[in-house]
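Notes follow the structure.
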Amino acid sequence: MNATDPIENRPIRVVLFGSGPVLTHDARQFICRLETHPEIEFAAAFCQAEGRSWPAVTRDFWRRRGWLAIPLLAAWVLNEAGRYLRHPRRERALARELDRLSQRIHFISDIHAPEVIAQIAALSPDLGLIYGSPILKPAVFETPARGTLGIHHGKVPQYRGNKTTFWAMYNGEATAGVTIQKVNAGLDTGQIVKAGEVVIGRRSQRAVWQELEQLGLDLYIQAILDVKAGVATFTPQIGPKGKLYKNPKLPDLLRFWGKQFKRRFLRA
């Protein structure tokens, strides 16, 4: 397939940028949807990680969360196991598909290394896609011909930074949002391509996140197809910027769990 052909006449060629020694479940789903969509050509994924061993996974959790890494790592293992026990056929099929694509999924120590950028450029991608990557420099996100899109699980500009679904629920918002944006040099300040939200109510964080995750995947695919068709809209963010949220600490988690308990069980 010739990447120089008009994009309307062929599948749009995409590369994905991520991070961490393992792909999150939603990132795995996203890659498989890219691969199986008839109008999208998944060229490769580039994930920044120190390694892929269990020690590397542990170090990654520790670097990001400190002492909270211990319970969070245990919760992650239990969640992965529980997902497999609930949906064994689906998870086995997902694992087989990722194994088939393994030669196109690259785990590298520095996503900004000149040789990595050259490897990305050699693929002649039409569009870059961020799913949990480190903060990218223009040398990477401007390499694809039509730039790079990113998914942010939060409303912008009100909720920027990390764990914004958690913080939206912590702050008592009525809804939680997800945004597909055109990546620029700022942090969650790009033009909006697609956006959606889900109702929070008295629902658990898990239930809200699962619905938001699936909505985000659908919006992301539609944004890619809009870029391919030449009908994507790029809307500037409107309104004052909210604070730049960071990962919650233990006191934040304890207060949140207390609020969740009162909201779900103590109110009529």
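Since every read-out is calculated from the coordinates, none of them should be taken as a lab result. This is a predicted model, so every value here is computed, not measured. FYI the Cβ positions are ideal-geometry reconstructions off the backbone, even for glycines, and counts take in every protein chain you see.
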Review point. HN-Hα J couplings of the stretch 237-248 from phi, Karplus 6.51/-1.76/1.60, θ = phi - 60°, integer Hz, Gly and Pro as x?
Key: 5, 10, x, x, 5, x, 5, 8, 6, 10, 4, x
Review point. How large is ³J(HN,Hα), in whole Hz, for each residue of the stretch 47-52 in order, when computed from phi with the Karplus curve 6.51 cos²θ - 1.76 cosθ + 1.60 and θ = phi - 60°, using x for Gly and Pro?
Key: 10, 7, 7, 6, x, 10
Check your understanding: Looking at the square roots a ≥ b ≥ c of the eigenvalues of the Cα gyration tensor of the stretch 10-146, which shape do they give, rounded for a/c under 1.5, prolate if a/b is larger than b/c, or oblate?
Key -> oblate
Study note, to complete from the structure: For the stretch 77-144, the Cα-Cα pair-distance distribution in 10 Å bins from 0, as whole percents, is 16, 36, 26, 20, 1
Study note, to complete from the structure: Pseudo-spin-label distance residue 261 to residue 175, built 7 Å along Cα→Cβ, given in nm, is 3.1 nm
Revision key, fill the gap. The lysines whose Cα lies under 27 Å from the Cα of residue 194, excluding any fewer than 8 residues away in the same chain, are 137, 155, 163, 182, 228, 241, 243, 246
Review point. For residue 46, which sequence-distant residues (separation of 5 or more, or a different chain) have an amide H within less than 5 Å of its own amide H, given hydrogens modelled in the peptide plane?
Key: 16, 17, 18, 106
Revision key, fill the gap. Taking a ≥ b ≥ c as the square roots of the eigenvalues of the Cα gyration tensor, with a/c under 1.5 meaning rounded and otherwise prolate when a/b exceeds b/c and oblate if not, the stretch 183-246 is oblate
Practice item. Per DSSP H run of at least 4 residues, take -39500 (n - 2.57); add these up for the chain, divide by its residues and hand me the 222 nm value, nearest 500 deg cm²/dmol. Key: -13000 deg cm²/dmol
Point to revise | Relative contact order (%) - criterion: Cα under 8 Å, at least six apart; region: the stretch 121-181 | key: 32 percent
Review point. Expressed as an acute angle from 0 to 90° and rounded to the nearest 10, what is the orientation of the C-alpha long axis of helix 250-261 relative to the principal long axis of the chain?
Key: 70 degrees
Point to revise | Residue-wise HN-Hα coupling along the stretch 116-121, computed from phi with Karplus coefficients 6.51, -1.76, 1.60 (Hz; x: Gly, Pro) | key: 6, 4, 5, 5, 5, 4
Check your understanding: What number, in percent, do you get for the relative contact order of the chain if the mean sequence gap of Cα pairs under 8 Å and at least 6 apart is divided by its residue count?
Key -> 18 percent
Point to revise | Whether the stretch 150-262 is rounded, prolate or oblate, judged on the alpha carbon gyration tensor where a/c under 1.5 counts as rounded | key: prolate
Exercise for review: Measure off 7 Å from each Cα along the Cα-to-Cβ vector at residue 135 and residue 80, then give the distance between these two points in nanometres to one decimal.
Suggested key: 2.8 nm
Check your understanding: If one computes the Cα centroid of the stretch 57-116 and of the stretch 146-172, what distance in Å separates the two points?
Key -> 21 Å
**Study point:** Approximate spin-label separation residue 254-residue 64, in nm, with each point projected 7 Å along Cα-to-Cβ
**Key:** 2.4 nm
